[in-house]
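Just so it is clear, none of the values below were taken in a lab; they were calculated from the coordinates. Since this is a predicted model, take the numbers as computed values, not measurements. In this analysis, Cβ positions are derived from the backbone assuming ideal geometry, glycine residues included, and neighbour counts consider all displayed protein chains.
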Amino acid sequence: MQGIWTTDRIRKAEGRLLAVTPEGALMQRAAFGVAVNAAEMLDAHKGHVAASRVALLVGAGNNGGDALWAGKFLRNRGVAVTAVLLNPEKAHPQGLAALRRAGGRAVGLEDAPDVLEEADLVIDGIVGLSARGPLREGAASLLEHISAPVLAVDLPSGVDPDHGTVDGPAITATRTVTFGARKPLHVLNPQRCGEVRLIDIGLLPELSDPDLWQLDAVDVGTAWPMPGPHDNKYTQGVTGIAAGSATYPGAAVLATGSAVLATSGMVRYAGPAADLVRTKWPEVIATGSVTDAGRVQAWVVGPGIGTGQEGRDVLRHVLSEGVPVCADADATTLIARYPDVLDARDPGTPLVLTPHAGEFERLTGAAPDDDRVGAVKAAARRFDAVVLLKGNTTLIAAPDGRVLANVARGSWLATAGSGDVLSGLVGSLLASGLDPWLAAGAAAYVHSRAADLAARGVPASATGVETSIPAAIRQLRRLG
Ligand SMILES: NC(=O)C1=CN([C@@H]2O[C@H](COP(=O)(O)OP(=O)(O)OC[C@H]3O[C@@H](n4cnc5c(N)ncnc54)[C@H](O)[C@@H]3O)[C@@H](O)[C@H]2O)[C@@H](O)CC1
Ligand SMILES: [K+]
């Protein structure tokens with residue numbers, strides 16, 4: 001699992017590291033990493049490094065210092081480097097001197113439009129860890145002159161480092177090179193950061209207990225249940241699906257199907273769509289009601305069950321069964337409307353809630369604000385549940401404060417029925433006995449990868465996403 005830390009903690013860790021490192025050494029390491037990435041981008045976009053033109057946008061702090069030193073390293077490779085100094089009196093003195101010694105130029109804001117328009121690559125060193133608010137006037141006026149690829153130093157300037165929010169003019173980077181450890185905006189606003197590359201400057205030993213976690217293919221591949229030689233259909237966990245209604249039988253088919261495809265344990269379905277589910281998934285044991293469904297190791301409840309008395313009874317029944325429950329869609333609305341249904345749940349019974357922003361607002365009384373991480377953590381504590389807040393970056397918080405972020409590569413999952421597929425995945429992993437936080441995180445990961453595989457640049461249906469689940473799991477296994 002990869003860690004992500006807030007800027008306050010990174011700054012403190014940097015302070016400790018700076019105290020035991022020769023002066024300037026960390027900046028040199030960081031800047032060298034920027035220069036290597038710049039050269040790679042020039043090579044990719046122009047086909048050569050020497051004789052290409054790079055514009056540096058240089059702000060008042062060390063972020064600008066990184067850019068100036070990177071410019072010096074690029075000069076050594078024959079690149080024509082021009083620094084645009086946004087605040088000439090405050091530009092990093094050693095960095096500026098080094099760039100000038102290497103034959104680089106420095107200009108003021110008035111010459112910036114021409115420099116930017118001629119550039120093959122722009123390096124954004126306007127502001128880094130100490131950024132507050134959107135770009136100020138001078139820097140903001142330059143945005144319209146940028147047409148070349150942008151390499152952001154540490155973070156795209158103007159984007160809030162801890163929340164990833166943008167309240168005004170901000171840089172959109174093609175690639176971001178960050179130092180020591182990734183910061184929240186890299187996962188909360190991946191669209192602005194482009195591809196994020198991490199340069200090791202020796203900071204990780206100074207950091208512990210990340211504020212956010214991110215799963216990779218190896219983590220998910222390791223966690224994903226694999227039957228052993230002594231397993232049978234029951235020992236791998238039986239998933240129960242309480243979904244669908246006469247009006248929405250499709251939700252039942254989708255949620256059940258994704259549980260069938262996710263692991264090789266057994267799946268039971270209980271609800272009014274039993275006939276349709278049986279026809280589509282003959283391997284499923286389907287019954288008409290949760291009361292005669294038989295034993296399961298986890299329940300998925302909610303997709304398409306409606307928000308009436310019947311749905312409420314179903315929800316109350318599965319919550320009282322003493323096994324982990326993934327409450328999705330209508331179940332979320334029912335919990336918001338009738339919070340006392342949760343009284344049916346034993347305090348020790350794991351619960352996973354999977355709201356989108358609207359359902360989150362219904363559940364908690366407030367839409368997730370700029371601090372999505374804070375909002376989802378508070379909800380997890382309040383409901384004593386794992387809360388999975390859907391979005392382009394899906395956040396998954398556990399009641400003990402751990403938060404996972406899953407970054408989707410595209411937005412193809414914004415399609416009808418996609419949530420039903422996710423809940424089936426969560427349920428099957430809960431049934432296999434996985435820690436509920438990890439189960440929800442691994443499910444979100446495979447869900448988004450299945451969407452990539454199904455879409456490949458064109459819209460994908462929820463059925464298409466579901467059909468791609470085995471391919472997404474196969475990919476994990478290969479990578480893992
Ligand atoms: N401290 C360290 O050990 C290291 C720091 N490094 C670099 O140093 C950066 C942090 O440097 P600093 O703390 O000097 O701060 P920054 O360079 O992030 O910002 C400095 C100045 O920008 C101004 N500013 C804030 N918000 C602004 C906005 N929206 N528009 C325009 N100006 C704004 C601030 O008033 C401040 O004076 C990191 O992001 C990284 O790039 C690296 O060199 C690696 C080592
Ligand atoms: K920057």
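Considering only DSSP beta bridges with both partners in the chain, what is the antiparallel share in %, to the nearest 5?
Roughly 20 percent of the DSSP beta bridges within the chain come out antiparallel.
Placing +1 on the Cβ of each Lys and Arg and -1 on the Cβ of each Asp and Glu in the chain, which of 248, 367, 215 has its Cα farthest towards the positive end of the resulting dipole?
Value computed over the given set: 215.
Which order do the peptides 455-465, 11-21, 436-446 take when ranked by the mean count of other beta-carbon atoms within 10 Å per residue, highest first?
Ranking the peptides 455-465, 11-21, 436-446 by packing returns 436-446, 455-465, 11-21.
Cα axis of helix 309-319 to longest principal axis of the chain: angle in degrees, 0 to 90, nearest 10?
80 degrees
Cβ neighbours within 10 Å, averaged per peptide: list 313-326, 38-51 in order, most packed at the top.
Descending packing order for the listed peptides: 313-326, 38-51.
Quick one: which of 337-348, 466-477, 358-369 comes out on top by average Cβ neighbours within 10 Å, and what's the full order, highest first?
Result, highest mean first: 466-477, 358-369, 337-348.
Please state the charge dipole magnitude for region 217-479, taken about the Cα centre, from unit charges on C-beta atoms (+1 on K and R, -1 on D and E), reported in debye and rounded to the nearest 20.
640 debye
Could you size up the charge dipole of the chain around its Cα centre, putting +1 on the beta carbon of Lys and Arg and -1 on that of Asp and Glu, and report it in debye to the nearest 20?
Roughly 920 debye for the chain.
Can you tell me the FRET efficiency between residue 463 and residue 283 if r is taken as the Cβ-Cβ distance and R0 is 22 Å, rounded to the nearest 0.05?
After rounding, the FRET efficiency stands at 0.80.
If R0 is 35 Å, what FRET efficiency do you get for residue 313 and residue 411 from their C-beta distance, rounded to 0.05?
Efficiency for this residue pair is about 0.45.
Taking neighbour Cβ counts within 10 Å as the exposure measure, how do 4, 285, 241, 123 sort from fewest upward?
Fewest-to-most ranking of 4, 285, 241, 123: 285, 4, 123, 241.
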